[in-house]
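Asks: Have a look at the structure that comes next, please.
The values are calculated or read from the model by the stated rules, or taken from the named source; none is laboratory data. If you're wondering where the values come from, they're calculated on a predicted model, not measured in any experiment. Positions of Cβ are generated from backbone atoms using ideal geometry, with glycine treated the same way; all protein chains shown enter the neighbour counts. Protein only, heavy atoms only, side chains kept; ligands, DNA and RNA dropped before computing areas. Shrake-Rupley method; radii C 1.70, N 1.55, O 1.52, S 1.80 Å.
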Amino acid sequence: MFGHINKLIRVNLTKSRIFTENLDRYDLKEYIGGSGLAAKIIFDELDPSVDPLSPENILLFMTGPLTGTASPSCGRYCVCTKSPLTGLWAESHAAGFWGPELKFSGYDGIIIKGRSDTPVYLSIIDGKIELRNASKLWGTDTYQTEEYLKNELEDQSLKVASIGQAGENGVLFASIINDSGRAAGRCGVGTVMGSKNLKAIAVRGTKINVIPAAKNEMLKEFLRRIYVTIRSHPTAQIYSSYGTDGIMTMMHEYGDVPIKYFNKGSWTEGIEKISGEAMAKSILKKQWACYRCIIACGRHITGNESGTRKEGSGPEYETCASLGALCLNDDLNIIAIGNELCNRYGMDTISSGSVIAFAMECYEKRLISKENMEGLTLKWGDGDAIINTLHQIGKTKGFGKILAKGVKRAAKEIDKEAEEFALHVKGLEIPMHDPRAFKGLGLQYATSHRGACHLRGLVYHIEQGERVPDLGIHKRYERFTTDDKAFPVIAVQNWHDIMDSLIMCKFAFLPPASVLSMLNMVTGWDMKLDEFLKVGERTYNLKRVFNITCGATKSDDTLPKRFLEEPLNDGGSKGQIVELELMLKNYYEERGWTERGIPKEEKLEELDLSFTIPRLNR
Amino acid sequence: MNNMGINLDEKNLKKQIIDCMKSLHSRGLMTGVGGNASARQMGEEKAWITPSGLYKPDLNPSDLVNIDLEGKVIEGMFKPSIEWYFHTAIYKKRTDVNAILHTHSPFTMGLALANVKLRPITFEAATILADVPILPFKYPGTEELGNQVGDTILGKRAMILQNHGVITVGFDLIEALSTVEILEEAAIMTFVANIFGPPEEIPSDQIELIKKLYKI
Ligand SMILES: [Zn+2]
C-alpha cells in the first residue's frame, strides 16, 4: 500500500493493552484518512451519550495518506474525540514534524480508549510500542516534557506530543503541543488526553525520512513545477515574510479583527503595534517551517534581556488578536509571553484570550466582585492581568478555576447577564474574525461541526473576491450579502474536510484538481474529481449525524446575540449585523437537510451513509 | 530532512543557474558582464553563486562558486559575484527563498529611472509583483547595499536598485525568473501605454484581496 502505512495502533489504557490492526479494513476511498476516517471510526465505536471526560471516550490521533510523503505542506496530524467543551464532534489539527514521524515509525494512527490508573506516556519507536511510567512528568509543562523525553529516550530527534498542566488540571480548552509550540489547540482535546492520564506520545522512525509514493518519479516532477502555484497565492508571500499575523492590518481595515471582545470596530494605533510587520521589526528572529513546507509562516522570536520572554516559538495571527486586540492589549511583548505560557501549560490561545476578554467585560460591568477574583483586577489592556490570569487558568487556581471552564460555563457561574455576552457557538469560543465583517463566515461559524470554527471554510477569502473554479466558485461574492452565501460556504466546508483528511495545510492554496493528482500519484489510485469532492460532503454529513446523535439540534446552529443584533459603531463593518435565519434556511436546503437541519435519508443514501440512518431515527 | 522533490540535486541546480543566465542574456535582460544569480538547496546555509568578472553566457556549471552566508568561499575556482552581500542578506532574512536573480532589465530600469512605479495593470503584475520598491542608490558590491536589500526584502519578490538593476527572489529559480519576465512585460506595457496616457488599472473590487493584502 502506498501513502497509508496500513497500520493502526489500538491502546486500551484501562487494561494497559496494545495491539495493532490493518487500516484497509476501512474503505479508504470513501474517507481517505485524517479526520474523515476518524469520523467513521468514532461513529462506529463511540456511544454518543458518554461523558467526554470518562474512560469511555475515544481519543484518536490520525495522519492522512499525504502526511510524511514528498507532498508539500503535509506535515500535519489531527486529534479527534468527543469534546468536553461542546459535547460534540471535536477535531484539532497540528503541524510541525510529529505527524510524519508517526508514519516513519510505522503507523497511520492511534486509537486510545480507557483510562490509566497512573500517569503514563506512549513511546512508538521504529515499530515498537510501549506504555511507560510518566509519574515524574506529571506537573511539568509541554516544553519540559519534550526535553525530558528526548533525554530519557536518548534521542534528540524524538518527536513529542504532550499535554501540560492545563490538560492535567482539566482546563476544558486544554491543547496538545508538539515541536515546542505547534498546537492541536481547539475543542479541549488536551483535556480528554489528561482525563486518560496520558501525558505524552513520543514517536521516532529512524529507518525512513519520507513516505514513498506509488508513482515517485511522476510525483517528483509534478511537485517541482507545482511550487510556483502555491507561492503565487498572495497570502503565501505575506505569510512567508510576516507570518499569519501579516493579515492583521488588512483584516482590521475590513472591521474583521475583534477589538475589546467584539465591542469595537476600529483601533488603528493598537493594531499597528501588534501586526506582523511590527513583529518583523521587533521580536522576530527568523521564519520557521514545518515538515516540507515552502511557505514557512511559523515565527521564531528572540528572548528579552530580563528573561521574561524566551527565544522560541512566536505568536500567530489568532494569538496576536486574542491576547492582543480582543483584550485591548497593544503590547507585543505581553502577547509573546502569553503565547509561550499557553503553549507550556497546553491551552488553546483562542479560548484563553476569549475567556480573559470576556472576564474583562464582566469586570467592567461589575458582574464580578474583587473578592471573587482574589485580588486580580481585569482592566482592558492590562498586560499583567492577562499574564496573571493565564497562570491562574493553567493552574485552575482562584478565579482561573471558573475561567478554565470556557465562556459558556463561566458565564453561568458568574451572572445571568454575563450569559448574554458570552461569545461562543455550541460552547466553543469565537475565533478572531468578526462574522459581521464577512457574513458567510457567520453562516460557517453557526454550522461548523466543532462549533465556532474559522478553519473549516476560510470563507472570508471567497468574500474577498477569491475564485475557486474547481469548486464551482466562479463569481465575485460580496462580503455583506446573505442571499447567495449557502453555496460557497458549503463548497469550502466540504473542500476543507477533504484537506483535513489528506491531511494538507490550508495555506497551500492548490486547486482541488492538482491536490487530487497528488493524492493519486502518492496512493496509486485513479480517483476522479467528482468522487474526490464527494468525500468532503460525505465526511461533513457524517460528522453532522454524529453531532445529532450527541443531542445537537437546529437551535445550536446559531450565533451569539452580539453578532445577530448589535452592530458596531465604527470600523470597516460599521452598522452590520449577521442576518443568519435566511442564510441558514438556504444552507439546509442546499445541503439536502430537513428544515430542522437533519440530513435527509436520500442524501445519506447518496453519500453511502445509509448505515447512519438507524441511529438518526433512534 | 529528506528534500526529495523539493530540490533539484546539486548537479541540476547548477545547470539551472547557467541556463537562467543564458536565457536572460539572450533576451537582452542583462549584458554579458552585468547581472548575477544564486541558488541553494532548501534549508542550506550556503549557496551557489555566479563568479565575478566572467562573461555570463559563457559560464559552465563548474565556474559557479559555493559560498556560506558570510561570503566565505567553500568551493570554486573564481571570485564570487561582488554582489554576494545582498544575496546572503536575502538568504538570511528569508527561509522561503532559495533563488535570487539580479538583472539590468532595460524597460523596468527605464521606468524606474524616471521614477514611474508599476501599477496593477495585469493580473500577474498585481499578484506576483504587488508593490515593487525602488531603493535609493547605493554603491554596487558593498555591504551597505547588502544591508539595504536585507532590510527591505520581507514581503517582496522583486525590488529595483535605482541607477543599477533589478533583484527578484523565489522559492526556486523558476519563480525568480518568472518574476523578472513579468516585471519586464509590465514595464513594456506601461511604457507603451504612457505614450498615449496613463495605463488603465484592474478595477479594485476584482483584486480586492491582493490590493488590501499588499497595500497597493
Ligand atoms: Zn548589477
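Asks: Give the residue, chosen from A:ARG409, A:ARG344, A:ARG366, that is modelled with pLDDT under 95 and either outside any helix (DSSP H, G or I) or open to solvent by 10 Å² or more (accessible area, probe 1.4 Å) (or both).
Replies: A:ARG366
Asks: Does B:LEU135 fit the bill of being buried (at least 20 other Cβ atoms within 10 Å of the Cβ) and away from every other protein chain (no Cβ under 14 Å)? Explain how you work it out, then say what you get.
Replies: On the way: buried (at least 20 other Cβ atoms within 10 Å of the Cβ): no; away from every other protein chain (no Cβ under 14 Å): yes.
Against the criterion (buried (at least 20 other Cβ atoms within 10 Å of the Cβ) and away from every other protein chain (no Cβ under 14 Å)), B:LEU135 does not qualify.
Asks: When you look at B:ILE153, is it farther than 17 Å from B:GLU83 by Cα, away from the ligand (no atom under 16 Å from the Cβ) and within 14 Å of the chain's Cα centre (by Cα), yes or no?
Replies: no
Asks: Given the conditions (1) touching a helix residue (DSSP H, G or I) at 6+ places or on another chain (Cβ under 9 Å); (2) of a type in the set (A, V, I, L, M); (3) free of Cβ contacts under 8 Å to residues at least 24 places away in the same chain, which single one is not true for B:ILE195?
Replies: (1)
Asks: Quick test of your reading of the structure: A:GLU371 fulfils all but one of (1) free of Cβ contacts under 8 Å to residues at least 60 places away in the same chain; (2) in contact with a Pro (Cβ under 7 Å, 6 or more places away or on another chain). Name the failing condition by number.
Replies: Status for A:GLU371: all satisfied but (2).
Asks: Would you point out which residue out of B:LYS22, B:LYS56, B:LYS79 is more than 27 Å from A:LEU223 (Cα to Cα), of a type in the set (Lys, Arg) and modelled with pLDDT of 95 or more?
Replies: B:LYS79
Asks: Take the residues in region B:186-216 that are away from every other protein chain (no Cβ under 14 Å) and not in a helix (DSSP H, G or I); name whichever of them is least open to solvent (accessible area, probe 1.4 Å).
Replies: Going through region B:186-216, the residues away from every other protein chain (no Cβ under 14 Å) turn out to be B:186-201.
If we keep only those that are not in a helix (DSSP H, G or I) as well, we get B:197-201.
Details: B:GLY197: 22, B:PRO198: 119, B:PRO199: 38, B:GLU200: 156, B:GLU201: 68 Å².
Ranking the candidates gives B:GLY197 first.
Asks: Moving to a separate point now. Would it be correct to say that B:GLN16 is within 14 Å of chain A (Cβ to nearest Cβ) and either farther than 27 Å from B:LEU154 by Cα or part of a loop (DSSP other than H, G, I, E, B) (or both)? Break it down into steps so the answer makes sense when it comes.
Replies: On the way: within 14 Å of chain A (Cβ to nearest Cβ): yes; either farther than 27 Å from B:LEU154 by Cα or part of a loop (DSSP other than H, G, I, E, B) (or both): no.
No.
Asks: So which of B:ILE153, B:ILE182, B:ILE160 ends up being touching a residue at least 40 places away in the same chain (Cβ under 8 Å) and closer than 16 Å to B:ASP96 by Cα?
Replies: The match here is B:ILE153.
Asks: Here is a further query. Can you tell me which condition A:GLY324 does not meet? The list is (1) closer than 30 Å to B:GLY43 by Cα; (2) surrounded by 17 or more Cβ atoms within 10 Å (Cβ to Cβ), and all the others hold.
Replies: Failing condition for A:GLY324: (1).
Asks: Of all the residues that make up region B:89-126, how many are within 25 Å of B:GLU44 (Cα to Cα), away from the ligand (no atom under 16 Å from the Cβ) and open to solvent by less than 50 Å² (accessible area, probe 1.4 Å)?
Replies: Matching residues across region B:89-126 total 6.
Asks: Taking region A:539-555 only, how many residues are of a type outside the set (Val, Ile, Thr), part of a helix (DSSP H, G or I) and open to solvent by less than 50 Å² (accessible area, probe 1.4 Å)? Lay out the reasoning, then the answer.
Replies: The first filter runs over region A:539-555 and keeps only residues of a type outside the set (Val, Ile, Thr), leaving A:540-544, A:546-547, A:550-552, A:554-555.
Now restrict to residues that are part of a helix (DSSP H, G or I): A:540-544, A:546-547, A:554-555.
With the extra rule that they be open to solvent by less than 50 Å² (accessible area, probe 1.4 Å), the set shrinks to A:540-544, A:546-547.
Residues that pass the stated criteria total 7.
Asks: Next up: For region A:435-452, which residues satisfy the criterion of being assigned to a loop (DSSP other than H, G, I, E, B), under 12 Å from A:TYR540 (Cβ atoms) and touching a residue at least 60 places away in the same chain (Cβ under 8 Å)?
Replies: Within region A:435-452, A:HIS449, A:ARG450 meet the criteria.
Asks: In region B:36-44, is there at least one residue being of a type outside the set (Ser, Thr, Tyr) and more than 14 Å from chain A (Cβ to nearest Cβ)?
Replies: Scanning region B:36-44 turns up at least one residue that is of a type outside the set (Ser, Thr, Tyr) and more than 14 Å from chain A (Cβ to nearest Cβ).
Asks: Which of the residues that make up region A:314-326 are in a helix (DSSP H, G or I) and either without any contact (Cβ under 8 Å) to a residue 40 or more places away in the chain or out of contact with any Asp or Glu (no Cβ under 8 Å at 6 or more places or on another chain) (or both)?
Replies: First, pick out the residues of region A:314-326 that are in a helix (DSSP H, G or I): A:317-322, A:325-326.
Across region A:314-326, the qualifying residues are A:GLU318, A:THR319, A:ALA321, A:SER322, A:ALA325, A:LEU326.
Asks: Would you check if there is a residue in region A:212-234 being closer than 29 Å to A:GLN144 by Cβ and not assigned by TED's automatic domain parsing to the domain that holds A:ALA134? Don't jump to the end; show me each part of the working.
Replies: The initial filter retains those residues of region A:212-234 that are closer than 29 Å to A:GLN144 by Cβ, namely none.
Within region A:212-234 (the criterion being closer than 29 Å to A:GLN144 by Cβ and not assigned by TED's automatic domain parsing to the domain that holds A:ALA134), the answer is no, since none of the residues qualifies.
Asks: Please go through region B:160-185 and pick out each residue that is within 13 Å of chain A (Cβ to nearest Cβ) and either polar (S, T, N, Q) or within 16 Å of the ligand (Cβ to nearest atom) (or both).
Replies: B:THR168, B:VAL169, B:ALA176, B:SER178, B:THR179
Asks: Among the residues of region A:185-198, are any closer than 30 Å to A:ILE9 by Cβ, within 19 Å of the chain's Cα centre (by Cα) and outside any helix (DSSP H, G or I)?
Replies: yes
Asks: Could you tell me which numbered condition B:LEU24 fails, if it satisfies all but one of (1) touching a helix residue (DSSP H, G or I) at 6+ places or on another chain (Cβ under 9 Å); (2) within 16 Å of the ligand (Cβ to nearest atom); (3) part of a loop (DSSP other than H, G, I, E, B)?
Replies: Only one criterion is unmet by B:LEU24, namely (3).
Asks: Separate question: Restricting attention to region B:70-82, does a residue exist that is open to solvent by less than 10 Å² (accessible area, probe 1.4 Å) and either part of a strand (DSSP E or B) or away from the ligand (no atom under 15 Å from the Cβ) (or both)?
Replies: Scanning region B:70-82 turns up no residue that is open to solvent by less than 10 Å² (accessible area, probe 1.4 Å) and either part of a strand (DSSP E or B) or away from the ligand (no atom under 15 Å from the Cβ) (or both).
Asks: Hey, another quick one. Count, please, the residues in region A:263-298 that happen to be farther than 25 Å from A:ALA95 by Cβ and free of Cβ contacts under 8 Å to residues at least 40 places away in the same chain.
Replies: Final tally of qualifying residues: 3.
Asks: Enumerate the strands (runs of 3 or more DSSP E) found wholly within region A:49-159, keeping only those where 2 or more residues are open to solvent by 30 Å² or more (accessible area, probe 1.4 Å).
Replies: A:128-133
Asks: Turning to a different aspect of this structure: Can you spot a residue in region A:578-595 that is surrounded by fewer than 13 Cβ atoms within 10 Å (Cβ to Cβ), out of contact with any Asp or Glu (no Cβ under 9 Å at 6 or more places or on another chain) and not in a loop (DSSP other than H, G, I, E, B)?
Replies: yes
Asks: Answer yes or no: is there a residue in region A:257-271 that is in contact with a Lys or Arg (Cβ under 9 Å, 6 or more places away or on another chain) and within 12 Å of another protein chain (Cβ to nearest Cβ).
Replies: no
Asks: Continuing with the same structure: Could you tell me whether region B:127-141 includes any residue that is within 15 Å of the ligand (Cβ to nearest atom), touching a strand residue (DSSP E or B) at 6+ places or on another chain (Cβ under 9 Å), without any contact (Cβ under 8 Å) to a residue 60 or more places away in the chain and among the charged types (D, E, K, R)?
Replies: yes
Asks: Any idea which of A:MET218, A:MET248 is more than 7 Å from chain B (Cβ to nearest Cβ) and within 13 Å of B:TYR214 (Cα to Cα)?
Replies: After ruling out the rest, the residue left standing is A:MET248.
Asks: Consider region B:45-65. How many of its residues are within 14 Å of another protein chain (Cβ to nearest Cβ) and crowded, with 20+ Cβ neighbours inside 10 Å? Show your work before the answer.
Replies: Residues of region B:45-65 that are within 14 Å of another protein chain (Cβ to nearest Cβ), as a first pass: B:45.
When the remaining residues are screened for being crowded, with 20+ Cβ neighbours inside 10 Å, the result is none.
Residues in region B:45-65 being within 14 Å of another protein chain (Cβ to nearest Cβ) and crowded, with 20+ Cβ neighbours inside 10 Å: 0 in total.
Asks: Being surrounded by fewer than 20 Cβ atoms within 10 Å (Cβ to Cβ) and in contact (Cβ under 8 Å) with a residue 40 or more places away in the chain is the filter here, so list the residues in region B:17-44 that pass it. Outline the logic, then answer.
Replies: Step one: of region B:17-44, the residues surrounded by fewer than 20 Cβ atoms within 10 Å (Cβ to Cβ) are B:19, B:22-23, B:26-28, B:31-34, B:41-44.
Result: B:SER23, B:GLY28, B:THR31, B:GLY34, B:GLN41, B:MET42, B:GLY43.
Asks: B:TYR85 fails exactly one of the following numbered conditions: (1) away from the ligand (no atom under 15 Å from the Cβ); (2) open to solvent by 10 Å² or more (accessible area, probe 1.4 Å); (3) assigned to a helix (DSSP H, G or I). What is the number of that condition?
Replies: All conditions pass for B:TYR85, except number (1).
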